[in-house]
Amino acid sequence: MILYDLLVAPFVDFDFMRRALAGSVVLSLSAGPVGVFLVLRRMSLAADGMSHAILPGMAVCFLLFGLQILPMTFGGLIAGLIVAFLAGAVSRLTMLREDASLAAFYLMSLAFGVLLISLRGTSVDLVHILFGSVLALNDQAMGLIGAVASITLIVLAVIWRSLFLECLDPAFLRSVSKSGAYAHFAFLGLVALNLVAGFQALGTLLAVGLIIVPAVAARFWVHRLEPMCLLAAGIGVVSSYIGLLASYHFNLATGPSIILVAGVIYLASLAFSPKGVLAGQAKPHHHKSA
């Protein structure tokens, strides 16, 4: 009975907890594979930049329409894609690397977005947009998260081979096919979509956490791409479940609790996985004889 009260009762007794769990689980199913490809392509910080870049688009729609999901979603998606494409264009037209130009753009975007929200919004509005409200997911938000997850999995299935080859040998892919460029831009669109969907639950500052942290943790345990994607999605689901329980029983902020649980799993993977720190220390060192 004690275990039931601790682990099951909150989701049975309260509709908002069931919605929060369902939304987080569905989001994890699409965010996990996207995060794996970001990690393998060394674009983790690019995703963090895009998560900040969506804020001005959401802020403009907030000023025009208030806290309405669909306008803010489209505004954030457009802003994120514009910043990603501008960063790529700057890196191709100048000597500046893409990560540096993206950092400049996303910092300006973050400051501009906060400034816009402060013109009309309250501190509560700002906190809601920056950190989300997973316990207040309504039908529109649930529908958006489900649609984004479905689109993500379908598009990933279509461009899977190109993304896989680009992770292995991008030069070879460019030499044999032009699909790499289309797959790259399609993938950037998926990243932006998942960040916008994550905003509904975790806000613009934490949405990237459910994409990157489970993927980095999964990287320690498996080598093959498909199991890595499944494990990343599973870690996201487990983090969502435990994080929601922790926030309910200890009256903690929900979004940060979910990301911190994922962080604990990452630290455990870093220490105890076959490719972790302790495994590396336990391997015998062979010394060459003179």
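Checking each residue in the range 41-91 for being free of Cβ contacts under 8 Å to residues at least 12 places away in the same chain and among the charged types (D, E, K, R) picks out only R42. Of the helices (runs of 4 or more DSSP H) lying entirely inside the range 1-110, those carrying at least 2 residues that are more than 17 Å from the chain's Cα centre (by Cα) and not acidic (D, E) are 2-7, 9-13, 15-40, 55-65, 69-93.
Contact annotation: no residue pair with Cβ atoms under 7 Å, 6 or more positions apart or on different chains, pairs a residue in the range 103-120 that is surrounded by 17 or more Cβ atoms within 10 Å (Cβ to Cβ) with a partner that is of a type in the set (K, R) and not in a helix (DSSP H, G or I).
Yes or no, residue by residue, for (1) more than 19 Å from C229 (Cα to Cα); (2) out of contact with any Ser or Thr (no Cβ under 9 Å at 6 or more places or on another chain); (3) not basic (K, R):
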site: L6; (1), (2), (3): yes, yes, yes
site: A9; (1), (2), (3): yes, yes, yes
site: R18; (1), (2), (3): yes, yes, no
site: L29; (1), (2), (3): no, no, yes
site: M50; (1), (2), (3): yes, yes, yes
site: V60; (1), (2), (3): yes, yes, yes
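Figure legend. Inter-residue proximity from the range 241-270: first residues more than 26 Å from F220 (Cβ to Cβ), second residues assigned to a helix (DSSP H, G or I) and aromatic (F, W, Y), beta-carbon distance below 9 Å, spacing 6+ or different chains. Indicated pairs: A253/F131; T254/Y248.
Looking only at residues in the range 223-245 that are surrounded by fewer than 18 Cβ atoms within 10 Å (Cβ to Cβ) and of a type in the set (A, V, I, L, M, F, W, C), the one that is nearest to A207 (Cα to Cα) is V238. Remark: pairs (first residue in the range 14-28, on the phi < 0 side of the Ramachandran plot and without any contact (Cβ under 8 Å) to a residue 12 or more places away in the chain; second residue in a helix (DSSP H, G or I) and not basic (K, R); Cβ separation under 7 Å; 6+ apart in sequence or on different chains) = R18/F11.
Inspection of the range 14-25 finds a residue satisfying the criterion of being of a type in the set (S, T, N, Q) and surrounded by 21 or more Cβ atoms within 10 Å (Cβ to Cβ). Of all positions in the range 207-226, at least one carries a residue that is modelled with pLDDT under 90, in a helix (DSSP H, G or I), touching a helix residue (DSSP H, G or I) at 6+ places or on another chain (Cβ under 9 Å) and not β-branched (V, I, T). Only one of the listed residues (A233, A201, A262, A192) is within 26 Å of G113 (Cβ to Cβ), touching a Gly at 6+ places or on another chain (Cβ under 8 Å) and modelled with pLDDT of 95 or more. That residue is A262. Residues in the range 191-209 that are farther than 20 Å from Q140 by Cβ and buried (at least 24 other Cβ atoms within 10 Å of the Cβ): 3 in all.
The values are calculated or read from the model by the stated rules, or taken from the named source; none is laboratory data. What you see is a predicted model, and the numbers here were worked out from it, not measured in a lab. In this analysis, Cβ positions are derived from the backbone assuming ideal geometry, glycine residues included, and neighbour counts consider all displayed protein chains.
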